[in-house]
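Nothing in this text is a laboratory measurement; each read-out follows from the coordinates by a stated rule. These numbers were taken from a predicted model, which means no experiment stands behind them. Glycine also receives a Cβ, built like all others from the backbone with ideal geometry; neighbour counts cover every protein chain displayed.
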Amino acid sequence: MERREVIRAMSAAAALSFLPRNARAVWRLVDLRTATEPLAALTPGQGALVNAIADTIIPRTDTPGASDVNVLGWVDVVVAEYYSDDEKATFLAGLDAIDAAAKARGGATVTGMKQNERDEFVGTLEKLTNRREEPSRTYWRLKGLVIHGYFTSEKVQKQVLKTEVMPGRFVGDAPHVVKS
């Protein structure tokens, strides 16, 4: 990843100030859902699209990928619980626009593409210059959600970032010198 790509990705994540300040609250809602429960905001097709793009953005390597930490569940909860009705409708229509752009490009939906084709398609979305038009607008919003959800997940915090809740160690019998 080049420096510009990192800065672009971090900017996208920083632009998500409209999200709840405490990502843990979103993850709690995700954890309360059962695996058999349907998605709250996304259709099954849109969920598959989000999963495919999320795994293209953050694939599984020696660290977990986006689907390994259930970024789809996180995105679904954010869209269902924190977006206004207008934002939700715009986002869902934008997901459909991403799939339509994929079909127009090669005849297959994003989920119907082979991994190398999907990588190429996502690369094309990355290069679009006007981020105010679809499908670029929704892609960048989705990318921000994926990155935010991934890096705030418990699994990534513990296994990848090695975040310590209480850094250091507690020494209860440390010597204390009393100055007179």
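About its Cα centre, segment 25-69 has a charge dipole of approximately 120 debye under the convention of +1 per Lys or Arg Cβ and -1 per Asp or Glu Cβ, with nothing else charged. From the alpha carbon centroid of segment 126-154 to that of segment 24-94 is 13 Å.
Eigen-decomposition of the gyration tensor built on the alpha-carbon atoms of segment 3-160 gives equivalent ellipsoid semi-axes of 22, 18, 17 angstrom, largest listed first. Only lysines eight or more places from Lys114 in sequence, or on another chain, were considered; those with a Cα closer than 30 Å are Lys88, Lys103, Lys127, Lys143, Lys155. Put simply, when 61-73, 108-120 are sorted by average Cβ atoms within 10 angstrom per residue, most first, you get 61-73, 108-120. When the Cα positions of Ile98, Ser84, Val160 are compared along the charge dipole of segment 3-160, Val160 comes out farthest toward the positive end, with charges on each C-beta of Lys, Arg, Asp and Glu.
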